[in-house]
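The structure appears below as structure tokens.
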Amino acid sequence: MTLNQEAMHAFEQADGRLNKVYGKLLSFPLDAADQKKLRRAQRAWIAFRDAEAEYESKGAEGGSMSTLVYYSTAARLTEQRIKDLEAIVEEEVRTGVIPQ
């Protein structure tokens, strides 16, 4: 039970950080079409993350490990998405597309 709670907490923390980075991207002066693309990409990514976590936890379905695998996978994928979005922010700032 404790491992499940820790995995859930790790995911919640990562999800909170992801929302901050995503919000930062949305706060930049993007035109309406680019904001729409970013929102669509993020919604698709969230659907992928959730589906992937469900898939990876299928082997433990019905058991106590299912929750642990699900949230561990979701946290791992979310951490990677944070890195990806942070890299986008850095590139946009570096190239001058987005002011510092």
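The values are calculated or read from the model by the stated rules, or taken from the named source; none is laboratory data. Because the structure is predicted, anything quoted here is derived from the model rather than measured. Glycine gets a Cβ as well: all are built from the backbone with ideal geometry, and neighbour counts include every protein chain shown.
What about ALA33, is it at pLDDT below 95, farther than 18 Å from ASP84 by Cα, hydrophobic (A, V, I, L, M, F, W, C) and out of contact with any Ser or Thr (no Cβ under 7 Å at 6 or more places or on another chain)?
yes
What's the total number of residues in segment 29-40 that are surrounded by 11 or more Cβ atoms within 10 Å (Cβ to Cβ) and within 15 Å of the chain's Cα centre (by Cα)? It would help to see each step written out before you state the result.
First, pick out the residues of segment 29-40 that are surrounded by 11 or more Cβ atoms within 10 Å (Cβ to Cβ): 30, 34-39.
With within 15 Å of the chain's Cα centre (by Cα) added as a condition, the list becomes 38-39.
Residues flagged as surrounded by 11 or more Cβ atoms within 10 Å (Cβ to Cβ) and within 15 Å of the chain's Cα centre (by Cα) within segment 29-40 amount to 2.
Out of (1) out of contact with any Ser or Thr (no Cβ under 7 Å at 6 or more places or on another chain); (2) surrounded by 15 or more Cβ atoms within 10 Å (Cβ to Cβ); (3) under 22 Å from THR67 (Cβ atoms), the odd one out for VAL21 is which?
All conditions are met except number (3).
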